[in-house]
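Read through the structure below, which is laid out as structure tokens, and then see the notes.
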Amino acid sequence: MDKNTKQNPPKKNQPKQTVEDEFLTPKMMEAMEVKTLLFWQAPSHPFRKKDRSYYTTTAILVVLLSLIAFLFQQFLLIGAILALTFVAYVLAFVPPHNVRYRISTQGITIGEDFYFWHFLDSFWFKEKEDSKVLHIQTRLRFPAQLMLVLGSAVNEEKVKKIISRFLPFVEVPYKTWMEKWSESLQKHFPLENIHR
């Protein structure tokens with residue numbers, strides 16, 4: 001044993017310093033710390049109570065489609081139509097539960113799900129069902145897009161300022177042909193009479 005080993009024995013319970021730690025400055029270490037930048041509670045998805053015309057129009061469409069499917073003896077299709085109608089009814093009638101949203105220096109948390117910034121691509125805002133919604137495009141197959149409902153207490157400009165530090169803001173988001181088709185269908189054949 002040489003003299004240095006006898007004079008300075010390694011201390012017990014001391015974390016080993018890696019080569020990477022030696023090159024990190026205090027400013028870099030501070031940047032790596034996880035800090036909550038914004039936190040709020042809001043519904044899990046946009047919701048607006050539907051009026052009677054929505055349910056009446058939906059029921060008429062379901063009856064017509066079911067009759068057409070029955071004439072062609074497509075009983076499996078009738079079952080699928082009824083199942084989709086039940087889902088549409090539940091989503092329109094039952095209000096969503098509140099979820100905790102958190103934006104941190106590491107990523108975004110929605111309820112129990114966490115997404116790192118490097119899995120996210122860009123963001124934009126939209127209004128849906130009388131609620132402001134933050135949309136975030138992901139680099140993942142599923143979910144391809146995150147939707148964060150902004151509560152009444154959350155300022156859109158503040159959210160934009162925070163997220164633009166990590167992701168680019170898109171003024172006119174790209175729409176798939178499916179989104180364009182569904183929007184035009186809703187515009188030309190609305191399921192309810194909206195009086196504003």
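Of all the Cα-Cα pairs you can form in segment 36-188, what percent are over 27 Å apart?
It works out to 37 percent of all Cα pairs.
By the gyration tensor of its Cα atoms, with a ≥ b ≥ c the square roots of the eigenvalues, what is the shape of segment 124-196: rounded for a/c under 1.5, prolate for a/b over b/c, or oblate?
oblate
State to the nearest 20 debye the size of the charge dipole of segment 44-196 about its Cα centre, where the only charges are +1 on K and R beta carbons and -1 on D and E beta carbons.
260
Between F114 and E156, what FRET efficiency follows from the Cβ-Cβ distance if R0 is 22 Å, with the result rounded to 0.05?
Efficiency at R0 = 22 Å is approximately 0.45.
Along Cα→Cβ, 7 Å out, is where each label goes; now give me the distance between the ones at T85 and D121 in nm to one decimal.
3.7
Count the lysine pairs in segment 36-188 that are 8 or more places apart or on different chains: how many have C-alpha atoms under 14 angstrom apart?
7
Placing +1 on the Cβ of each Lys and Arg and -1 on the Cβ of each Asp and Glu in segment 36-188, which of A80, L38, V133 has its Cα farthest towards the positive end of the resulting dipole?
Towards the positive end, the residue furthest out is L38.
Below 8 Å between Cα atoms, with a sequence gap of 6+, how large is the relative contact order for segment 77-129 in percent?
Contact order relative to length: 16 percent.
I'd like to compare 148-155, 176-183, 45-52: which one has the highest average count of other Cβ atoms within 10 Å, and what's the full order after that?
For the peptides 148-155, 176-183, 45-52, the packing ranking is 148-155, 45-52, 176-183.
K132's amide H: which non-local residues (gap 5+, or another chain) put their own amide H closer than 5 Å, with H modeled 1.01 Å from N in plane and none for Pro or chain starts?
Correct list: L150.
When Lys and Arg each count +1 and Asp and Glu each count -1, what net charge do the other residues less than 15 Å away from P96, Cβ to Cβ, add up to?
Local charge sum for P96: +3.
Coordinate-derived values only; no laboratory data. Everything quoted here is computed from the prediction, not taken from an experiment. All Cβ positions, glycine included, derive from the backbone under ideal geometry; neighbour counts span all protein chains shown.
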